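For reference, the structure discussed in these notes is given below.
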Amino acid sequence: MRRKRKGRQWCVWGLTLMLIAGCTGPDNPVVILPSNQATTVTLTYFGNKYEPENVKVIEAIISQFMDENPGISVAYESLKGNAYYEALIKRMAKGKGDDIFMVNHDTALTLAKQGQLADLSGLATIENYTDEMLSQMWEGNYIYWVPTTVSVFGLYCNLDLLKEYHHEVPSTLAEWEAVCDDFVRQGITPVIANNDISLKTVAIGMSLAATYQAHQQAAYFEQINAGQAALSEKLSSGFTYVEAMIQKGYLDPAATLTTQKTSDDLDIFAQGEAPFLLTGAWAAGRLAQKELNFQFSVVPYPLMEDGSFVVINADTRLSVNADSSHREEALRFVEFFTRFDNIQKFADQQSSFSPLKNSRPSSLDQIQPLIPVYESGRSVIGSDSLLDKPIWELTAQAVQRLLQGEPVNRVMEQLDEEANQEG
């Protein structure tokens with residue numbers, strides 16, 4: 001269903017005591033340090049968080065869980081990027097799924113329909129989630145996943161380059177286009193985008209911002225789920241704008257097709273030759289650690305006539321295998337992971353926001369401009385759980401076709417055809 005599988009990385013902990021000593025890359029060996037304590041249950045935890053800084057936080061949470069739950073060990077394995085979801089679906093199809101794993105909107109739809117996700121509604125931590133997150137989590141009387149972060153997608157701005165060319169950070173659609181048009185005239189391609197999330201979040205956000213502001217998204221998604229409306233009915237406006245960005249030279253379509261998320265895109269932007277980058281705010285901490293010769297900030301998408309909005313997702317979602325032979329222990333672990341202190345430090349480390357009530361925003365300086373727009377409710381959910389279609393994958397494929405030169409009307413026809421097949 002998804003793309004090629006890449007290298008894998010194993011990070012193993014346990015009360016044996018399997019503590020990670022060097023989980024720093026897909027090819028790095030793992031050193032396992034034994035302990036005298038006996039293990040009676042070993043939980044396997046599969047995820048797509050593989051970066052050393054992410055793994056370090058996961059390690060700390062797992063270690064604390066094992067300290068509080070003698071006799072239970074947790075072995076964490078990670079796989080990079082989209083290859084993770086391909087591997088997850090294959091494991092579950094073969095009956096070899098892990099006890100605990102991360103899902104996104106699309107894989108949760110698939111696995112829930114197949115009865116492979118355990119109900120998490122009995123977790124004591126459910127009551128701590130915000131109403132917005134609970135609206136995403138409930139599926140009738142059941143909850144099949146719980147988010148550990150709220151991811152925000154934003155516009156990275158090279159502040160020094162903008163200043164050099166006598167521009168301010170744009171905050172409206174007119175300002176954005178004026179800045180981009182000027183850089184194009186100067187012979188500079190203004191926007192760095194990756195081949196996964198950059199342009200689909202622009203398309204989704206521009207298409208649905210007014211619908212969310214009017215609180216009409218639930219009715220729209222219900223019509224789509226019932227086959228009474230098409231995805232393209234609203235999404236075509238955003239994809240038409242993405243096509244216009246390509247045609248006006250705001251980005252390089254050929255380069256974008258080969259630019260990988262949270263790796264290539266950061267490296268290119270770090271060269272300091274482009275004013276803008278479109279990607280998730282979670283990469284801001286990683287970018288800030290690079291040796292940059294410029295200052296940067298991450299701001300909301302300035303793509304509305306009257307201002308900006310942010311695209312968000314309930315993210316790093318944890319699910320429990322319904323067929324796990326250690327379901328009780330797996331549920332205990334997920335409940336532990338979603339305690340307030342663990343969620344807060346996990347979200348902080350990823351430059352993301354907490355999905356829980358009464359939580360503090362991320363403290364990273366570069367993403368502070370996102371906070372007031374997010375807190376004001378000017379947000380669009382990129383993969384809304386009220387929609388029973390794999391929008392994350394469908395829109396990614398649509399962007400690929402636009403980048404390859406297909407006209408937007410044909411791209412939208414294909415989007416609807418594939419959405420109907422999913423139904």
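The values are calculated or read from the model by the stated rules, or taken from the named source; none is laboratory data. Keep in mind it's a predicted model, so treat the numbers as computed, not measured. Methodologically, a virtual Cβ is constructed for each residue, glycine included, from the backbone with ideal geometry; neighbour enumeration extends over all protein chains shown. Just the protein is used for accessible areas: all its heavy atoms, side chains included, with ligands, DNA and RNA removed. Shrake-Rupley method; radii C 1.70, N 1.55, O 1.52, S 1.80 Å.
Observations
- Residue in the range 111-118 that is open to solvent by less than 40 Å² (accessible area, probe 1.4 Å) and closer than 14 Å to residue 276 by Cα present: no
- For residue 363, the criteria (1) of a type outside the set (Lys, Arg); (2) at pLDDT below 95; (3) at negative phi; (4) open to solvent by less than 50 Å² (accessible area, probe 1.4 Å) hold in every case but one, which is (4).
- Within the range 392-423, the set of residues being of a type in the set (Gly, Ala, Ser), open to solvent by 10 Å² or more (accessible area, probe 1.4 Å) and under 21 Å from residue 113 (Cα atoms) comprises just one member, 423.
- Scanning the range 134-179 for residues that are part of a loop (DSSP other than H, G, I, E, B) and over 21 Å from residue 368 (Cβ atoms) turns up 140, 141, 144, 145, 147, 148, 165, 166.
- Residue count for the range 210-240 under the criterion of being among the hydrophobic types (A, V, I, L, M, F, W, C), under 23 Å from the mean Cα position of the chain (by Cα) and surrounded by fewer than 19 Cβ atoms within 10 Å (Cβ to Cβ): the result is 2.
- Among the residues of the range 185-209, the one identified as without any contact (Cβ under 8 Å) to a residue 60 or more places away in the chain and either closer than 16 Å to residue 302 by Cα or open to solvent by less than 10 Å² (accessible area, probe 1.4 Å) (or both) is 207.
- Filtering the range 370-383 to residues that are surrounded by fewer than 21 Cβ atoms within 10 Å (Cβ to Cβ) and either assigned to a loop (DSSP other than H, G, I, E, B) or in contact with a Lys or Arg (Cβ under 7 Å, 6 or more places away or on another chain) (or both) leaves 376, 377, 378.
- Close pairs from the range 339-358: first more than 22 Å from residue 286 (Cβ to Cβ), partner outside any helix (DSSP H, G or I) and open to solvent by 10 Å² or more (accessible area, probe 1.4 Å), Cβ under 8 Å, at least 6 apart: 340/359; 356/130; 357/130
- With a requirement of 1 or more residues that are modelled with pLDDT of 95 or more, under 26 Å from residue 43 (Cα atoms) and open to solvent by 50 Å² or more (accessible area, probe 1.4 Å), the helices (runs of 4 or more DSSP H) lying completely within the range 261-353 that satisfy it span 327-337, 340-349.
- Annotation: of all residues in the range 62-85 being in a helix (DSSP H, G or I) and under 16 Å from the mean Cα position of the chain (by Cα), the one that is nearest to residue 322 (Cα to Cα) is 85.
- Residue identified as on the phi < 0 side of the Ramachandran plot, of a type outside the set (Val, Ile, Thr) and in contact with an Asp or Glu (Cβ under 6 Å, 6 or more places away or on another chain) among 99, 119, 67, 106: 106
- Single unsatisfied condition, residue 182 versus (1) open to solvent by less than 40 Å² (accessible area, probe 1.4 Å); (2) among the acidic types (Asp, Glu); (3) more than 23 Å from residue 398 (Cα to Cα); (4) not in a helix (DSSP H, G or I): (4)
- Yes/no for residue 142 being aromatic (Phe, Trp, Tyr) and within 26 Å of the chain's Cα centre (by Cα): yes
- Index of the failed condition, residue 386 passing every other in (1) assigned to a loop (DSSP other than H, G, I, E, B); (2) open to solvent by less than 60 Å² (accessible area, probe 1.4 Å); (3) closer than 30 Å to residue 122 by Cα: (2)
- Hey, residue 160 under 30 Å from residue 268 (Cα atoms), open to solvent by 20 Å² or more (accessible area, probe 1.4 Å) and either in contact with a Phe, Trp or Tyr (Cβ under 6 Å, 6 or more places away or on another chain) or modelled with pLDDT under 95 (or both) or not: yes
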